[in-house]
Amino acid sequence: MATHTQANKTEVLTFRETAVLKLLAQGLTNKEIGSQLFISLNTVKTHTSSVKQKLGVVGRTRAVMRAQALGLLV
């Protein structure tokens, strides 16, 4: 049942949140992510916070680890 719940959480990630998450996984800083995606630093922070909340984790590293476990970073 936990896996089903986790899968439902990942379905609500937006396209942009997924893009930010993939760049987080590559080790980019918020500034670098903003430059790559042509978005402001505050927008990167907002997307990062949203991803962490939706995945139910605290911290960028844990968000990447959860995303990898759920197969989001293919």
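Evaluating residue 29 against the criteria (1) surrounded by fewer than 17 Cβ atoms within 10 Å (Cβ to Cβ); (2) among the hydroxyl-bearing types (Ser, Thr, Tyr); (3) in contact with a helix residue (DSSP H, G or I) (Cβ under 7 Å, 6 or more places away or on another chain) leaves one unmet condition, (3).
Among residues of the range 52-74 that are at negative phi, those with a beta-carbon under 7 Å from a residue that is part of a helix (DSSP H, G or I) and of a type in the set (Lys, Arg) at least six positions away or on a different chain give the pairs 54/9; 55/9; 55/66; 57/66; 58/52; 63/52; 73/22. Scanning the range 1-60 for residues that are over 13 Å from the mean Cα position of the chain (by Cα), in a helix (DSSP H, G or I) and at pLDDT below 95 returns 2, 3, 4, 5, 6, 7, 8.
To keep it simple, each residue is scored yes or no on (1) of a type in the set (Lys, Arg); (2) in contact with a strand residue (DSSP E or B) (Cβ under 8 Å, 6 or more places away or on another chain); (3) under 15 Å from residue 12 (Cβ atoms).
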site: 26; (1), (2), (3): no, no, no
site: 39; (1), (2), (3): no, no, no
site: 45; (1), (2), (3): yes, no, no
site: 66; (1), (2), (3): yes, no, yes
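The values are calculated or read from the model by the stated rules, or taken from the named source; none is laboratory data. Note that the structure is predicted; figures quoted are calculated from it, not measured. So basically every Cβ, Gly included, is an ideal-geometry build from the backbone, and we count neighbours across all protein chains shown.
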